[in-house]
Amino acid sequence: MSAVRGHAQWPHLFQPGSVDAPVLLMLHGTGGDEQQISALAAALDPNAAVLAPRGRVQENGMNRWFKRLSEGVFDTDDVVRRADELAGFLVWARDHYELGDRPLVAVGFSNGANIAIATALLHPETVPRVVAFSGMHPLDRAAPDAQPAAGSELAASALLLLNGRSDPMAPLSSVQKLVTLLEARGARVQQELRPGGHGIAETDVAAAVAWLRALERASGVLCAQK
């Protein structure tokens, strides 16, 4: 099967939104799907286009983005492979849906946040902006040859990390390692911590809305200065 045909057959949802609004790439968590996660997009930006693919890994009948060896232990080789696949799908989708140069923001929850972060690390030109709800470092345990290349440029990348302080599924130690890595490579990182554990709180959504609006204002200023 050709790559193009494979991307076309990838289960996903697309809503065009306003032509002057960004594209929200909505990435569900374990056991979710494209319909479920797309409902969050309206709360973040009702004018945005919505592109919501379905994770193609199955674990006990649940959709996931990549394999794991046990709870909290990721198959990092598979993380890298699936991030590569997602980046290829996004290139196809931008052409297929005639998205032009509309900015794309990956919005993921849990497993979806992790694949968003991995793709941002490995393919920053394709996924330069991420809102990660309850995510963690997806390549923390990767072998050296599976890690993002040292010195890779993330100066054009911006990420919002939203986590609960007592989340056993996305421990703060992993999140802090991720922040250190991102900042060392030049990314703009905003981290918001709240009481509680795994999930998406109302305060998380409010922080994401404010971050997206600030990003849009900054993009408008940059365009005006050109």
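Scan the range 30-49 and report the pairs whose first residue is touching a residue at least 60 places away in the same chain (Cβ under 8 Å) and whose second residue is surrounded by 20 or more Cβ atoms within 10 Å (Cβ to Cβ) and assigned to a helix (DSSP H, G or I), with Cβ atoms within less than 7 Å and a gap of 6+ or a chain change.
So the pair list comes out as Thr30/Asn111; Ile37/Gly112; Leu44/Ala208; Leu44/Leu212; Asp45/Leu212.
Six or more apart or on different chains, Cβ atoms under 7 Å: show the pairs whose first residue is in the range 77-105 and at negative phi and whose second is of a type in the set (S, T, N, Q).
Ala83/Thr119; Leu86/Thr119; Ala87/Thr119; Ala87/Thr126; Leu90/Thr126; Val91/Thr126; Pro103/Ser219
Is it fair to say Arg217 is within 18 Å of Asp45 (Cα to Cα) and either open to solvent by 30 Å² or more (accessible area, probe 1.4 Å) or modelled with pLDDT under 95 (or both)?
So Arg217 passes the test.
Only one residue in Ala113, Ala52, Ala120 is among the small types (Gly, Ala, Ser), touching a residue at least 24 places away in the same chain (Cβ under 8 Å) and more than 23 Å from Met169 (Cα to Cα). Which one?
Ala52
Within the range 137-151, can you find the residues that are more than 19 Å from Gly72 (Cα to Cα) and either surrounded by 13 or more Cβ atoms within 10 Å (Cβ to Cβ) or modelled with pLDDT of 75 or more (or both)?
Within the range 137-151, just Pro148 meets the criteria.
Considering (1) surrounded by fewer than 15 Cβ atoms within 10 Å (Cβ to Cβ); (2) at pLDDT 95 or above; (3) not in a loop (DSSP other than H, G, I, E, B), say which one Ser166 fails and leave the rest.
(3)
Which of (1) small (Gly, Ala, Ser); (2) in contact (Cβ under 8 Å) with a residue 12 or more places away in the chain; (3) open to solvent by less than 40 Å² (accessible area, probe 1.4 Å) is the odd one out, the single condition Gly6 does not satisfy?
If we test Gly6 against (1) small (Gly, Ala, Ser); (2) in contact (Cβ under 8 Å) with a residue 12 or more places away in the chain; (3) open to solvent by less than 40 Å² (accessible area, probe 1.4 Å), just (2) comes out false.
For Asp33, are the conditions met, namely being among the charged types (D, E, K, R), closer than 24 Å to Asp101 by Cβ and open to solvent by 10 Å² or more (accessible area, probe 1.4 Å)?
Spelling it out, it is not the case that Asp33 is among the charged types (D, E, K, R), closer than 24 Å to Asp101 by Cβ and open to solvent by 10 Å² or more (accessible area, probe 1.4 Å).
Going through Pro46, Pro53 one at a time, which residue ends up being within 23 Å of Val19 (Cα to Cα) and open to solvent by 60 Å² or more (accessible area, probe 1.4 Å)?
Pro46
Condition check: crowded, with 21+ Cβ neighbours inside 10 Å and modelled with pLDDT of 95 or more. Does Leu99 satisfy that?
Against the criterion (crowded, with 21+ Cβ neighbours inside 10 Å and modelled with pLDDT of 95 or more), Leu99 does not qualify.
Just wondering, is there one or more residues in the range 56-74 that are free of Cβ contacts under 8 Å to residues at least 12 places away in the same chain and acidic (Asp, Glu)?
Looking through the range 56-74, none of the residues is free of Cβ contacts under 8 Å to residues at least 12 places away in the same chain and acidic (Asp, Glu).
When you check Val79 against the structure, is it β-branched (Val, Ile, Thr), buried (at least 19 other Cβ atoms within 10 Å of the Cβ) and outside any helix (DSSP H, G or I), yes or no?
Spelling it out, it is not the case that Val79 is β-branched (Val, Ile, Thr), buried (at least 19 other Cβ atoms within 10 Å of the Cβ) and outside any helix (DSSP H, G or I).
Right, Ala187: more than 27 Å from Glu71 (Cα to Cα), hydrophobic (A, V, I, L, M, F, W, C) and touching a Ser or Thr at 6+ places or on another chain (Cβ under 7 Å) or not?
yes
The values are calculated or read from the model by the stated rules, or taken from the named source; none is laboratory data. Note that this is a predicted model, so its numbers are computed, not measured. Glycine also receives a Cβ, built like all others from the backbone with ideal geometry; neighbour counts cover every protein chain displayed. Quick note on the areas: whole protein, heavy atoms, side chains included, nothing else; ligands and nucleic acids left out. Shrake-Rupley method; radii C 1.70, N 1.55, O 1.52, S 1.80 Å.
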